[in-house]
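Report on one structure; see the data block that follows.
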Number of protein chains: 2
Amino acid sequence: MQPIVDFILELDRLKGVTRKTRPLGLDRYENSAEHSWQLALLALSLAPYADAPVDIDRVVRMLLVHDVGEIDTGDTMFYVEDGWEARKAAERAAVTRIFGRLPNGDGERLRELWEEFEAGETAEARFAHAVDRAMPVLLNLANDGQSWRENGISHARVVARVAPPIRAGCPALWSYLEGRLEAARRDGWFGTDERGAPRA
Amino acid sequence: MQPIVDFILELDRLKGVTRKTRPLGLDRYENSAEHSWQLALLALSLAPYADAPVDIDRVVRMLLVHDVGEIDTGDTMFYVEDGWEARKAAERAAVTRIFGRLPNGDGERLRELWEEFEAGETAEARFAHAVDRAMPVLLNLANDGQSWRENGISHARVVARVAPPIRAGCPALWSYLEGRLEAARRDGWFGTDERGAPRA
């Protein structure tokens with residue numbers, strides 16, 4: 001029992017990894033644990049709209065563990081492109097250590113889900129990526145573009161980064177978001193990348 | 001797509017419902033969204049120790065939605081016994097409204113999982129209750145009894161409230177916790193109920 005307890009207490013640290021988006025109506029930043037919870041429920045809700053039939057329970061498990069590597073590295077904003085490979089290597093070392101605490105192959109199965117998400121090749125991983133990319137967009141659309149403004153992210157940059165994964169995993173969701181993002185652009189909810197994106 | 005978006009944005013409010021336990025190493029209180037995430041992973045890890053064979057994916061879904069009613073009512077500490085029925089009625093109204101936003105019976109299926117958890121009768125619900133009761137105990141055991149001390153909760157009261165559900169859903173976990181709780185009592189990590197438990 002002790003290895004499982006050690007594992008779940010180490011996971012507790014994901015509650016302290018903060019993202020750039022604020023929960024609606026709150027001053028603080030969102031953390032990666034509550035974000036993962038919300039993604040699991042968004043995936044369950046959107047399952048009928050997945051690009052290809054998916055094992056939705058596998059998607060849910062994948063989303064519950066997809067950010068665990070951040071326990072060592074912290075969250076890096078999706079729009080920061082530098083240092084991606086070094087960061088992924090550090091995350092992989094973290095998940096190997098953390099999931100390695102679990103006995104009887106249970107940890108190995110969770111680590112495989114993390115790897116499957118990273119590879120982004122299966123129908124489940126593509127759908128999970130779509131959900132992961134869409135959720136902060138939905139929060140920003142409900143938040144007057146809070147994290148786009150705070151970080152000087154342009155409409156063009158958002159579309160360039162989120163359109164391909166969302167379209168690939170959940171095309172109906174992209175059709176919906178495309179119009180909402182265009183309306184947000186007209187409303188001035190984006191920054192200009194010339195102001196410079198942050199380095200995390 | 002809009003009903004699903006409205007649903008996931010309403011769920012966002014669970015990130016603002018705070019509990020009495022603090023995440024390890026953080027000053028703030030835990031919220032019910034990140035708590036739900038952690039329970040899902042604890043359930044996945046403990047599945048081989050469930051009292052009876054369970055559909056673990058059903059348990060995971062159940063734990064992801066079990067606190068959604070708190071969006072309207074806030075969290076009430078497990079040790080507060082007054083007003084339980086009125087509170088449950090308010091939670092039920094909340095989940096009916098919130099899950100009712102989803103189309104095509106998806107919301108109804110989630111609402112049924114919430115009801116199944118509340119009833120606590122199926123093997124899945126009993127295991128989910130064990131996990132839900134055990135997690136704050138594990139955090140307190142790693143936190144020098146933080147929420148027990150802050151709220152004046154005695155060892156006897158903790159054992160009386162958590163032993164039956166944990167023993168019923170995951171007996172091996174109770175065997176482990178019983179000794180840890182006794183050691184914590186010797187270390188003085190509990191309050192005395194004479195100081196009075198808080199009314200939430």
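The values are calculated or read from the model by the stated rules, or taken from the named source; none is laboratory data. Here the structure is a predicted model, which means the values were calculated and not measured. Using ideal geometry, Cβ is built from the backbone for each residue, glycine included, and neighbour counts are taken over all protein chains shown. The protein model used for the area step is the full one, side chains on, heavy atoms only, and it has no ligands, DNA or RNA in it. Shrake-Rupley method; radii C 1.70, N 1.55, O 1.52, S 1.80 Å.
Between copies, how far apart are the A:E150 label points? List them in nm, one decimal, shortest first, with each point 7 Å from Cα toward Cβ, please?
Computed spacing set for this position: 2.3 nm.
What's the average, rounded to a whole number, of partner chain beta-carbon atoms within 10 Å of each residue's beta-carbon in B:57-65? Kindly include the intermediate steps, with their values, before the conclusion.
On the way: counts 6, 1, 0, 5, 6, 0, 2, 7, 3.
If you average over the peptide's residues, the count of other-chain Cβ atoms is 3.
As I understand it, the dipole of the range A:1-147 uses +1 on the Cβ of Lys and Arg and -1 on the Cβ of Asp and Glu, about the Cα centre. Which of A:L113, A:A94, A:N140 lies farthest toward its positive end?
My answer, from the dipole projection, is A:N140.
Specify which residue in the list B:I56, B:A123, A:H155 is farthest towards the positive end of the charge dipole of the protein assembly as shown, using unit charges on the beta carbon of Lys, Arg (+1) and Asp, Glu (-1), about the Cα centre.
About the Cα centre, the residue reaching furthest to the positive side is A:H155.
Summing Lys, Arg as +1 and Asp, Glu as -1, what charge do residues with Cβ under 11 Å from the Cβ of B:A123 carry, B:A123 excluded?
Values: positive: B:R58, B:R126; negative: B:D51, B:D55, B:E116, B:E121, B:E124.
Overall, the nearby charge balance is -3.
If the only charges are +1 at each Lys and Arg Cβ and -1 at each Asp and Glu Cβ, what is the size of the charge dipole of chain B around the Cα centre, to the nearest 20 debye?
Numbers: 26 positive and 33 negative charges, 94 e Å.
Taking the Cα centre of chain B as origin, the dipole is about 460 debye.
If each DSSP helix of 4+ residues adds -39,500 (n - 2.57) and the sum is divided by the residues in chain A, what number results at 222 nm, nearest 500 deg cm²/dmol? Numbers along the way, then the final one.
On the way: 10 runs with 125 residues, N = 200.
Only helices count here, giving -19500 deg cm²/dmol.
Could you give me D for the range A:110-194, from Stokes-Einstein at 10 °C and 1.306 mPa s, where the hydrodynamic radius is the Kirkwood radius over C-alpha pairs? Units µm² s⁻¹, please.
Using the Kirkwood radius from Cα pairs, D works out to 119 µm²/s.
Could you give, in nm with one decimal, how far A:P3 is from each other copy of that position, shortest first, with labels 7 Å out from Cα toward Cβ?
Those separations, rounded to one decimal, come out as 4.6 nm.
For the range A:104-112, just list the computed ³J(HN,Hα) in residue order, Karplus coefficients 6.51, -1.76 and 1.60, θ = phi - 60°, integers in Hz, with x standing in for Gly and Pro.
6, x, 4, x, 4, 5, 5, 5, 4
HN-Hα J couplings of the range A:167-182 from phi, Karplus 6.51/-1.76/1.60, θ = phi - 60°, integer Hz, Gly and Pro as x?
Per residue, the Karplus-derived 3J(HN,Hα) values read 4, 5, x, 7, x, 5, 5, 5, 4, 5, 5, 4, x, 5, 5, 5 Hz.
Mind checking the angle between helix B:84-99 and chain B's longest principal axis? C-alpha axes, 0 to 90 degrees, to the nearest 10.
40 degrees
Give the accessible surface of the protein assembly as shown per residue, rounded to a whole number of Å², with probe radius 1.4 Å and ligands, DNA and RNA excluded.
Numbers: 15340 Å² over 400 residues.
Accessible area per residue, the protein assembly as shown: 38 Å².
Which whole-number value in Å³ per residue fits the convex hull of the alpha carbons of the range B:105-153?
On the way: hull volume 5.0 nm³, N = 49.
Cα-based convex hull of the range B:105-153, divided per residue, equals 101 Å³.
Could you work out what % of the accessible surface of the protein assembly as shown is carbon and sulfur, using a 1.4 angstrom probe and leaving DNA, RNA and ligands out of the count?
Values: 7430 of 15340 Å².
Carbon and sulfur together cover 48 percent of it.
What average number of partner chain Cβ atoms lie no more than 10 Å from the Cβ of the residues making up B:42-48?
Other-chain Cβ atoms within 10 Å of each residue's Cβ, averaged: 5.
Could you tell me the extents of the protein assembly as shown's C-alpha atoms along the three principal axes, largest first, rounded to whole Å?
Reported extents, whole Å, longest axis first: 61, 44, 39.
With a 1.4 Å probe, what is the total accessible area buried between chains B and A, in Å² rounded to the nearest 100?
Numbers: alone 9820 and 9810 Å², together 15340 Å².
Between B and A, the summed buried area is about 4300 Å².
Highest mean first, what order results for B:30-43, A:104-117 on Cβ atoms within 10 Å?
B:30-43, A:104-117
Apply the Karplus parameterisation 6.51 cos²θ - 1.76 cosθ + 1.60, with θ equal to phi minus 60°, to every residue of the range A:20-33 and state each ³J(HN,Hα) to the nearest whole Hz, in sequence, with x for glycine and proline.
Calculated HN-Hα couplings, in order: 9, 8, 9, x, 4, x, 10, 7, 6, 8, 5, 10, 6, 6 Hz.
Give the long-range amide H neighbours of A:V17: residues separated by 5 or more places, or on another chain, with amide H under 5 Å away, using H modelled in the peptide plane at 1.01 Å from N.
A:S32, A:A33
What is the pair-distance distribution P(r) of the range B:1-128, computed from all Cα-Cα distances in 10 Å bins starting at 0, with each bin given as a whole percent?
12, 40, 37, 10, 0
What are the lysines whose alpha-carbon lies under 21 Å from the alpha-carbon of B:K15, with same-chain residues fewer than 8 places away excluded?
In chain and number order, the partners are A:K15, A:K20, B:K88.
When Cβ neighbours within 10 Å are restricted to other protein chains, what is their mean count per residue of peptide B:29-35? Could the numbers behind the result be given before it?
Details: counts 0, 4, 8, 2, 11, 12, 4.
Mean shielding by partner chains, rounded to a whole number: 6.
Set Lys and Arg Cβ to +1 and Asp and Glu Cβ to -1, take the dipole of the protein assembly as shown about its Cα centre, and tell me which of B:I8, A:L14, A:S175 lies farthest positive.
A:L14
Ranked from the most accessible area to the least, with a 1.4 Å probe and all protein chains present, what is the order of A:Y49, A:Y176?
Details: A:Y49 75, A:Y176 40 Å².
My answer, sorted largest first, is A:Y49, A:Y176.
Using a simple charge model, +1 on the beta-carbon of Lys and Arg, -1 on the beta-carbon of Asp and Glu, nothing else, what dipole does the range B:1-44 show about its Cα centre, in debye to the nearest 20?
240 debye
For the protein assembly as shown, with only Lys/Arg (+1) and Asp/Glu (-1) charged at the beta-carbon, what is the dipole magnitude about the Cα centre, in debye rounded to 20?
Values: 52 positive and 66 negative charges, 137 e Å.
It works out to roughly 660 debye.
If the label for A:E182 sits 7 angstrom from Cα along the Cα-to-Cβ line, what are its distances to the same label in every other copy, in nm to one decimal, shortest first?
Distances to the matching label points in the other copies: 7.0 nm.
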